[in-house]
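The values are calculated or read from the model by the stated rules, or taken from the named source; none is laboratory data. Fair warning: this is a prediction, and the values are worked out from it, not measured in the lab. Here the Cβ positions follow ideal geometry from the backbone for every residue, glycine too, while neighbour counts run over all protein chains shown.
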Amino acid sequence: MNGIQGTHMWGLYLSGALLIVLFALFSCSASDDESSVNSIQSGNAANPQGGTSPGGTSQGGTPQVGAPQSGASPSQNASGNALIIDHTSTDLDAIPPEWIEKAKETLHIAYGHTSHGSQITSGMEGLASFKGSLYAYNSGGVGGALDLRDQPFSGASDLGDPDRTAWAISTRSYLNQHPEINVVMWAWCSQADGTAEEINLYLSLMSELEKDYPDVCFVYMTGHLDGTGLTGNLNVRNNQIRQYCRANGKILYDFADIETYDPDGVYYGDRIPNDNCDYDSGRDGVRDANWAIQWQNSHVEGVDWYSCYSAHSQPLNANLKAYAAWRLWATIAVWRF
Ligand SMILES: [Ca+2]
């Protein structure tokens, strides 16, 4: 991994006074007090280190709050009181083990998804085999594992199947029956490539859930890459989701951003990458290479990366999804519970 998120940075978060402030500021639910949110963001109080945030550190410690908003390239981790999990959140070794343990002790996660979203869980399953029981998960948290309930919902498969509202109804039903759940995450299949109004519907349904279930953390997501590039509708819609999450202090797992960079931080977003990690090496408009396969072939399997199932994609992509997921769980646990 890129190793740029040194553990010394995490030491900063662990200072007691800072944590007290952050606990007070960070909320999983939509704030009922917009003026409070605005004051936090304008003062950047949740980002006192200027480059550190619950989502990780900006590369090289350089604040990137003011980075360009277009495209999938800029890191948006340091964004007011939002928690943005993206390609800068994939350094597994930067997550303190005690944060992992806190997640296993406190979180009860329900995750709805179809094939693309399964990259997270198949990656996490492979990670537990690769790195050991520290990263174990199962439904119910049996044996000290993380309690992650994979596809527990009835009546909806993902954020667009069978339609764009069923998942919210299904979520309410499940939460009412399982009040112990404190984290809910849903993934897209291809439906993030919709209209602005359809994405607004998604955002509003999520916000309504946050208001009605204030003790539950709801994780927003972008849609997987589809090869349409920076100017394609998918990226426009993903940016709509990103901007909303940054502006409103939400929790975002930026699925597309994570699969836009290799583990060394090399950016492929401007070379029409797709979900399989294919990209256009010569910028002639035709995808002819695969960054994940290239990286895997130039590194050692079982040491630098691990084999696992990765729907529609390569193992390395699911590796990165798993690392980022653990950053998500660990950060939610430490900041919220
Ligand atoms: Ca080409």
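Here are some notes:
- Among the criteria (1) within 16 Å of the ligand (Cβ to nearest atom); (2) aromatic (Phe, Trp, Tyr); (3) under 30 Å from Glu208 (Cα atoms), the one Trp329 does not fulfil is (1).
- Which numbered condition Asn276 misses (of (1) away from the ligand (no atom under 16 Å from the Cβ); (2) free of Cβ contacts under 8 Å to residues at least 40 places away in the same chain; (3) not charged (D, E, K, R)): (1)
- Scanning region 274-290 for residues that are outside any strand (DSSP E or B) and touching a helix residue (DSSP H, G or I) at 6+ places or on another chain (Cβ under 7 Å) yields a single hit, Cys277.
- Flag for Asn248 being touching a Ser or Thr at 6+ places or on another chain (Cβ under 8 Å) and without any contact (Cβ under 8 Å) to a residue 40 or more places away in the chain: no
- Taken together, the residues in region 298-320 that are out of contact with any strand residue (DSSP E or B) (no Cβ under 9 Å at 6 or more places or on another chain) and part of a helix (DSSP H, G or I) amount to 2.
Yes or no, residue by residue, for (1) hydroxyl-bearing (Ser, Thr, Tyr); (2) touching a residue at least 24 places away in the same chain (Cβ under 8 Å):
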residue: Ile120; (1), (2): no, yes
residue: Glu125; (1), (2): no, yes
residue: Phe130; (1), (2): no, yes
residue: Tyr174; (1), (2): yes, yes
residue: His178; (1), (2): no, yes
residue: Met185; (1), (2): no, yes
residue: Ser190; (1), (2): yes, yes
residue: Glu197; (1), (2): no, no
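- When the test is whether a residue is in a loop (DSSP other than H, G, I, E, B) and either at pLDDT below 95 or among the small types (Gly, Ala, Ser) (or both), Gly126 does not pass it.
- Any hit, region 252-266, residues being in a strand (DSSP E or B), among the acidic types (Asp, Glu) and in contact (Cβ under 8 Å) with a residue 12 or more places away in the chain: no
- Any chance Gly232 is of a type outside the set (S, T, N, Q), within 16 Å of the ligand (Cβ to nearest atom), closer than 30 Å to Ser207 by Cβ and more than 13 Å from the chain's Cα centre (by Cα): no
- Val236 vs. criteria farther than 30 Å from Asp270 by Cα and not basic (Lys, Arg): no
- Tally, over region 142-175, of residues that are buried (at least 20 other Cβ atoms within 10 Å of the Cβ) and within 21 Å of Pro97 (Cα to Cα): 3
- Flag for Ser313 being away from the ligand (no atom under 16 Å from the Cβ), free of Cβ contacts under 8 Å to residues at least 40 places away in the same chain and among the hydroxyl-bearing types (Ser, Thr, Tyr): no
- Residues that are away from the ligand (no atom under 13 Å from the Cβ) and without any contact (Cβ under 8 Å) to a residue 24 or more places away in the chain within region 284-293 comprise just one, Ile293.
- Within region 294-310, tally of residues that are away from the ligand (no atom under 16 Å from the Cβ), polar (S, T, N, Q) and closer than 16 Å to Asp262 by Cβ: 4
- Positions within region 321-337 being at pLDDT below 95 and part of a helix (DSSP H, G or I), in sequence order: Trp335, Arg336
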